[in-house]
Structures are given as structure tokens and as C-alpha cells.
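Computed from the coordinates by the stated procedures, all read-outs in this text should not be read as laboratory data. As the structure is a prediction and not an experimental result, all values here were calculated from the model. Cβ: placed from backbone, ideal geometry, glycine included. Neighbour counts: every protein chain shown.
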Amino acid sequence: MELHNLKPARGSVKGKNKRVGRGQGSGRGGTSTHGHKGQQSDSGYNMKRGHEGGQMPLQRRLPKFGFTNIFRREYYGINIDRLQKISEEKKIKTFDIATFIAEGLISKSRRVKILGNGELKIKLNVTAHAFSATAKAAIEASGGKTEIVKS
């Protein structure tokens, strides 16, 4: 290693900032890198998203498709194996919306749907907004009860 080989560690020295409009000596005086005349040279100019300089923008060239149902109800799915695990750990036999919120499974405004993934060995009473057919069958087969909340 010699003096002419020394240089700062990579990333430790930031590049010089571009200081525009600070006189001719800066190399960026006069027009401040905006060129002469035209819309883009004006102060406060801001190009809109998707602007392609007069060419038809991509979002207008592509066809519209799809549909958004404004009446759609979204459910947060909880599998029965998760209920089994929580029931074993915390000795809970009855699950309702308040229990799901207290256990941190959902937030207050969410709807819950119980799904049938996993195996249920304990008798549970479950209250939720919706049940899949397999989950309902599994809960009732283990001796538990299902109840649907109206909301």
C-alpha cells in the first residue's frame, strides 16, 4: 500500500450536489439546466405521471378490463387447526368475535370465515360471520356447535 493507492471507503464520500442557479462560474448558471424557452423551462414545472410528450400514454393505449364489485364482502380466513392450537395452549372452548380480537387473530372491523384446513380433536363452540362446509362438518363431527353472526 502506498499513498497514491489510498482512497476513502466505498460509500463513505457522497458526490457533490448539483447547485443550480448560482452564477456562471458554477457551470449551471443562467438557465439552471432547464434550457431555453418552452414549458419545461418555466419555474414550478412538474411533468404529470404518465406524460409521454404528446404521444398517446400507455394507460390510454391499453384496453380497459375487469370489474370491481362494490358490494363484495371480504372475510379473513382462520383454519380449524389454528383454533385447535390456540384451544390447547390457552384452554379456550368457545370462540367468538371478541375472542378472535383478544387473541390478535383479527382487527375489530374484519369479518371472519372459519376454514376447514387441519384436524379438530376438541369439542369447540365457534361463532363467526361464515363457515366453509368442511369446517362446519369438522366442528360438528367433534361435538361442537357453529353459529353465524349477522352483520
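Which condition does Arg73 not pass, out of (1) loosely packed, with under 10 Cβ neighbours inside 10 Å; (2) under 30 Å from Ser109 (Cα atoms), if it passes all the others?
Answer for Arg73: the failing condition is (1).
Which of the residues that make up region 85-139 are charged (D, E, K, R) and closer than 16 Å to Val149 by Cβ?
Correct list: Asp96, Lys108, Arg110, Arg111, Lys113, Lys136.
Does Phe67 count as among the hydrophobic types (A, V, I, L, M, F, W, C) and in contact with a strand residue (DSSP E or B) (Cβ under 8 Å, 6 or more places away or on another chain)?
When the stated conditions are applied, Phe67 does not pass them.
Do you know which residues across region 53-109 are closer than 18 Å to Ser132 by Cβ, hydrophobic (A, V, I, L, M, F, W, C) and assigned to a loop (DSSP other than H, G, I, E, B)?
Once the filter is applied, which keeps residues that are closer than 18 Å to Ser132 by Cβ, hydrophobic (A, V, I, L, M, F, W, C) and assigned to a loop (DSSP other than H, G, I, E, B), region 53-109 yields Leu105, Ile106.
Just one of (1) assigned to a loop (DSSP other than H, G, I, E, B); (2) over 30 Å from Glu140 (Cα atoms) trips up Gly25, so point out which.
Of (1) assigned to a loop (DSSP other than H, G, I, E, B); (2) over 30 Å from Glu140 (Cα atoms), only one is false for Gly25: (1).
Suppose we keep only residues that are under 35 Å from the mean Cα position of the chain (by Cα) and basic (Lys, Arg) within region 8-29. Which one would you say is farthest from Ser43 (Cα to Cα)?
In this case the residue turns out to be Arg10.
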